[in-house]
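Structure first, commentary second.
Each reported figure results from applying straightforward, stated rules to the coordinates on display, with no laboratory input. In this text, all values refer to a predicted model and were calculated from it rather than measured experimentally. Cβ atoms come from the backbone with ideal geometry, glycine included; neighbour counts cover every protein chain shown.
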Amino acid sequence: MSFRKKPLKNLGVVYIHTFNQVRRCLMARRRKLSVGLWTVGYKGVDPFGGPILDKSSVIENLNILIVAKKAGWIDYFSPHDDDIVTWDPNNPNDYLDEKSAVRKELAEIKAILVKGKLPVNMMTCSLHGHPIFANGGFTNPNPVVRMMAVKKAMRAAWIGNYLGATQVTYWVARDGFESPVMISPDNGDPYTWLKEALDTISSSCQQNNYSIIRGTIEPKANEPRGFSFLPLVGSALAFISKLDNPAFWGVNPEIPQHSAMVCASPFLEIQQAVWAEKLFFLHVGGQISGQFDNDFPLFFGPDNCKVMVHIFRFLEESGWEGIVEFDCHALRSDLAAGKENYREIMLQFLAYNARMYRMIEQILVPRILANVKLSEAVLRLSRPEYLGRELTRQYEDILSSAPGTEKTELILNQRLPVKEILMNRQNVLAAEEQFNLSLYGVTEEMLDMVMANE
């Protein structure tokens, strides 16, 4: 199956195909990079330790991001609403008052962003920090809290529009449970409540002609809750299909963190989102499989190298165009250097992420795609022509061209070459070997020399 729906543009891509050989001369696209404001606002908290640093100011964090923008490390940034202005549950409509403190703060922030030429990618409503949302936001069994969560989300969308964001994100946060005893049809349906909330958000954005033209769901299986109502990309895609305006909504998986936490495949998460044409943008970082949300920097840790190269190789070949956003943290151990070095630490952290991403995009993925032997091996795996080209093409035509009952009839009348199928060797190991050699810059001659000395 091919995921390329339309021809690629301005990518400097040349393909030369034969049945025996595939040569790819490819210049990888340079994708836009973004960073979460919560990333540079990180205080060094982990599940077993409180903050190392005091909270840095919004202006300090924005100035760090503007330096990163000028250095070419990022192109956009994204905040939670609580990252930039405080929220008072006793005054949830403060943003509608032109003379309010919130409006004054937002005007100052906007002026800094315009001067620094730093645009906003998306806005996320924080529904996890305040104690009032301890039992959920949009899915809280208390209707007063659910109303408060929706009002906060509408406020966040307004702030996003004010700052020029094009997307709004729903992170599942505390919408979940610890024990099934909490869930009963007699108490209401959390999925219905969640649908009502997201329908309200999309409707508000469109009715008010906001700059926000689409929304995303960021799934996560657990943490901070024991179980989330939308744990994986497949869960989010199924849920989106039931919304009033499914075209408005997509997903922004956080890879490898959120899927690797529960030992799911980050690659599969991306493949499914691309197939559904719902990968609006994505978050990246580093993760050790099966652990809590590490939120390590990109490529940091033992489990991340190969899967990330596979993912971005797949996105390159699929023709996906979208923003890659760093959603990760500086290391708690590095932050121990203290407040005096915070700016330096954060700039080093942002530079590291940008360099590692460009290494994937501009060096490692093109190296993989330029490997002729790997291309040949993959071509054999994806098109095993064990019957010869003509017969293979006949079977493919039957599977793809005939409609309805005619197709069913053709399939039922075919005699299938079972023996030939079973005799056909897939040889995935040959492709894996070539991938590994390309990824780590090793030639077959180098490996042969090493093996000869064994």
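Take every DSSP beta bridge whose two residues both sit in the chain; close to 25 percent of them are antiparallel. Built from the Cα atoms of the stretch 345-454, the convex hull projects on average onto 13.0 nm², one quarter of its surface area.
Could you tell me whether the stretch 36-174 comes out rounded, prolate or oblate from its Cα gyration tensor? Rule is a ≥ b ≥ c as square roots of the eigenvalues, rounded for a/c under 1.5, then prolate if a/b exceeds b/c, otherwise oblate.
Numbers: a/c = 1.84, a/b = 1.31, b/c = 1.41.
Oblate.
Expressed in nm to one decimal, what extension gain is obtained for the pair Val418 and Asn436 from 0.36 nm per residue of sequence separation less their Cα-Cα distance?
Values: separation 18, 0.36 × 18 = 6.48 nm, distance 3.26 nm.
Here the segment from Val418 to Asn436 would lengthen by 3.2 nm.
Between Gln394 and Arg425, the FRET efficiency estimated from the beta carbon spacing at R0 = 30 angstrom works out to 0.85. Shape annotation for the stretch 221-299: C-alpha extents along the principal axes are 36, 26, 16 Å, from largest to smallest. Take each peptide in 145-156, 53-64, count the other Cβ atoms within 10 Å of every residue, and average; sorted highest first, the result is 145-156, 53-64. Max-minus-min Cα coordinates of the stretch 25-68 on each principal axis give 50, 27, 10 Å, with the largest extent listed first.
Against the chain, whose longest principal axis is taken from its Cα atoms, helix 58-70 shows a tilt of about 30°. Dividing the Cα radius of gyration of the chain by 2.2 N^0.38 Å, with N the residue count, gives 1.10.
Taking every eigenvalue of the Cα gyration tensor of the stretch 38-104, multiplying by 5 and rooting it, what semi-axes result, largest first, whole Å?
Values: eigenvalues 125, 78, 18 Å².
Gyration-tensor ellipsoid for the stretch 38-104: 25, 20, 9 Å.
What is the calculated FRET efficiency for Ser401 to Glu105, with r their C-beta to C-beta distance and R₀ = 56 Å, to the nearest 0.05? That gives a FRET efficiency of 0.40. Descending by average beta-carbon neighbour count within 10 Å, the peptides 103-109, 316-322 line up as 316-322, 103-109, the highest first.
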